[in-house]
Amino acid sequence: MSKVFRVTPRRIKRTNGTVLTPEMAVTVTTAIHTSNPFSNGAKEIQEAYMRLYAFDYKKACCNPNDFEFTKLD
């Protein structure tokens, strides 16, 4: 059973030649039933940002404190 989350950056973040802005929101579906989309290493979030914005989550040194999330289901 999976969960759907809307993940939105809290602020503009510029790190290692990458830029993350609050307009770069993504909708992710987790592979497991969880209350936090970051619980499995943010794998789905990393894939969504790479696919939609060509933004490298790891290169930008992102962490869960950089994002807000809301449960959609």
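Each reported figure results from applying straightforward, stated rules to the coordinates on display, with no laboratory input. The model shown is predicted, which means the values in this text are computed figures rather than measured ones. Don't worry about glycine lacking a Cβ; one is built from the backbone with ideal geometry, like all the others, and counts go over all protein chains shown.
Report, in degrees rounded to the nearest 10, the 0 to 90 angle that the Cα long axis of helix 43-53 makes with the longest principal axis of the chain.
50 degrees
Can you pull the semi-axes for the chain, root of five times each eigenvalue of the Cα gyration tensor, sorted largest first, whole Å?
Values: eigenvalues 84, 28, 22 Å².
Each semi-axis is √(5λ); the values are 21, 12, 10 Å.
Taking the Cβ of each residue in Glu44, Glu23 as the centre, tally the other Cβ atoms inside 10 Å and list the residues starting with the fewest. Please list the in-between numbers first.
Details: Glu44 19, Glu23 9.
Listed from fewest to most nearby Cβ atoms, that is Glu23, Glu44.
Relative contact order of the chain: what whole-number percent is it, with Cα pairs under 8 angstrom and at least 6 residues apart?
Values: 125 pairs, mean separation 31.3, N = 73.
The value is 43 percent.
Gain in length, Glu47 to Thr8, computed as 0.36 nm per residue apart minus the alpha-carbon separation, to one decimal in nm?
Net length gain for the segment: 12.6 nm.
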